[in-house]
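Written below as structure tokens is the structure these notes are about.
Derivation of every value follows stated rules applied to the coordinates shown; laboratory data play no part. The structure presented is a predicted model; accordingly, all values stated were derived computationally and were not measured. No Cβ is skipped: glycine too gets one built from the backbone with ideal geometry, and neighbour counts run over all protein chains shown.
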Amino acid sequence: MRILFAGNPAIAVPALQILIESGYEVVAVLVNPDVASGRSKKLVSSPVKELAKKVGIPVIDPMKLTSAVEEEIANLQCDILVCFAYGKIFKESFLSLFPLGGINIHPSLLPKYRGPTPIQAALLHGEKYSGITVQRLAKAMDAGDILVQERFDLTLFMHASAVEEYVAARAGDLLLQSLHLLLKNPSVGTQQIHEEASYCGLMSQNIGRIDLNIEPIASIYHKIRAYSYEPGAYVLWGDKRLFISLATYDENVTGVQVGTVVQYDKKRGLQVQVLDGTLWLREVQLQGKKRMDIASFFNGNRAIIGEILS
């Protein structure tokens, strides 16, 4: 089976790795072009491209999937397209290049949370369970027939980065299961119940802004879990952003003004009063500084007790 693998970020690397280790013929990888990063504007390759270069797999990295790119890929005579976090929608003319079509790894229990940010969406909505779905690529986004689906307990994870690590570790095995099914029966698949579909969009830079004056404690907690590492869940301390990476909460109300930093507790963290409960900060990052555990932060910012966050 000749495979074209399309993907970019670190979450997709283990899936590519397991294809290689399992003896599948990965003919080439399709990735985004290198991007300029940092003050030096040095070009940086995606993690998938780095792995491909390391093991000697040819790389195709177009800005757009033009007819010329389609011709280049057609000449590779691939049997199937395997996609994980590539970030572009494939036209029907592109998918027609592959006799077995294309399959995609999507980190949600499809048809729930179709779109580019399913992990964050599931956390934001306080879902107890999420999953990984391997589905056929279709004309509509994330609407293809399901090959394999696995559910996991979302409450075990404190933030989206931890979920991504888990998904990355499991996706390869599910991909192998899917390819095995396709080899036995090329038409295999279960149609999604499209009436039950929900959708998620791209994350804006300020989507993690927390307003302590109007948001209930459960919503705040879910927002921190969803956006703590990217793009950042934060409150304001004066004119600076205080990013919250880890937190817990309870429903105790102290009676002080909303946003007040009440106390520091060695075991629980920094206590902040909100509308209907208490937020306990465990790991934070003050704008312009490094992320640190709450004990280290408090040692350098003891004056925060009694301050009002907003």
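Computed quantities for the displayed model
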{"read-out": "Compactness index (Cα Rg / 2.2 N^0.38 Å), the range 217-304", "value": "0.99"}
{"read-out": "3J(HN,Hα) from dihedral phi, the range 75-86, Karplus parametrisation 6.51/-1.76/1.60, rounded to Hz, x for glycine, proline", "value": "5, 6, 6, 7, 8, 8, 9, 10, 10, 8, 6, 7"}
{"read-out": "Span from the the range 81-144 Cα centroid across to the the range 261-283 one, whole angstrom", "value": "38"}
{"read-out": "Helix-derived mean residue ellipticity, 222 nm - over the chain, DSSP H n ≥ 4, -39500 (n - 2.57), to 500", "value": "-7500 deg cm²/dmol"}
{"read-out": "Sequence-distant residues sharing a close amide H with Thr278 (under 5 Å, placed H)", "value": "Asp250, Glu251, Asn252"}
{"read-out": "For Cys78, distant residues with modelled amide H under 5 Å away", "value": "none"}
{"read-out": "For the range 1-42, convex hull volume per residue from C-alpha positions, Å³", "value": "74"}
{"read-out": "Residue-by-residue Karplus 3J(HN,Hα) for the range 235-247, coefficients 6.51, -1.76, 1.60, Hz, glycine and proline x", "value": "10, 9, 10, x, 9, 10, 7, 10, 7, 10, 8, 9, 7"}
{"read-out": "DSSP bridge pairs, the chain: antiparallel proportion in percent, nearest 5", "value": "70"}
{"read-out": "Sequence-distant residues sharing a close amide H with Gly102 (under 5 Å, placed H)", "value": "Leu81, Leu137"}
{"read-out": "Fewest-first sequence of His194, His125 by Cβ atoms within 10 Å of each Cβ", "value": "His194, His125"}
{"read-out": "26 Å Cα-Cα threshold exceeded, pairs from Lys112/Lys223; Lys42/Lys64; Lys49/Lys91; Lys266/Lys290; Lys267/Lys289", "value": "none"}
{"read-out": "Fully extended contour minus Cα-Cα distance, from Ala140 to Gln17, at 0.36 nm per residue", "value": "41.5 nm"}
{"read-out": "Residue among Ile3, Ile20, Val134 farthest towards the positive dipole end of the chain, charges placed on Cβ", "value": "Ile20"}
{"read-out": "Quotient of C-alpha Rg and 2.2 N^0.38 Å, computed over the range 1-104", "value": "1.04"}
{"read-out": "Per DSSP, loop trypsin sites (Lys or Arg not before Pro) in the range 154-238 with at most 13 further Cβ within 10 Å", "value": "none"}
{"read-out": "Relative contact order (%) - criterion: Cα under 8 Å, at least six apart; region: the chain", "value": "13"}
{"read-out": "Gain in span if fully extended, Asn299 to Lys240, counting 0.36 nm per residue against the direct Cα distance", "value": "19.4 nm"}
{"read-out": "Charge dipole magnitude, Cβ of K and R +1, D and E -1 - the range 2-196, Cα centre, debye nearest 20", "value": "440"}
{"read-out": "Virtual spin-label span in nm between Lys267 and Glu72, 7 Å along Cα→Cβ", "value": "6.0"}
{"read-out": "At R0 = 30 Å, FRET efficiency that the Cβ-Cβ distance of Ser93 and Ala162 yields, to 0.05", "value": "0.20"}
{"read-out": "Taking Tyr264, Tyr129 and counting other C-beta atoms within 10 Å, the order from fewest to most", "value": "Tyr129, Tyr264"}
{"read-out": "Phi-based couplings in Hz for the range 193-204 (Karplus 6.51, -1.76, 1.60; Gly and Pro marked x)", "value": "8, 5, 5, 9, 5, 10, 9, 9, x, 5, 8, 7"}
{"read-out": "Hypothetical label at Phe152: residues of the range 194-222 whose amide nitrogen lies under 16 Å (7 Å Cα-Cβ projection)", "value": "none"}
{"read-out": "Ratio Rg/Rh [Cα only; Rh per Kirkwood] for the range 54-191", "value": "0.98"}
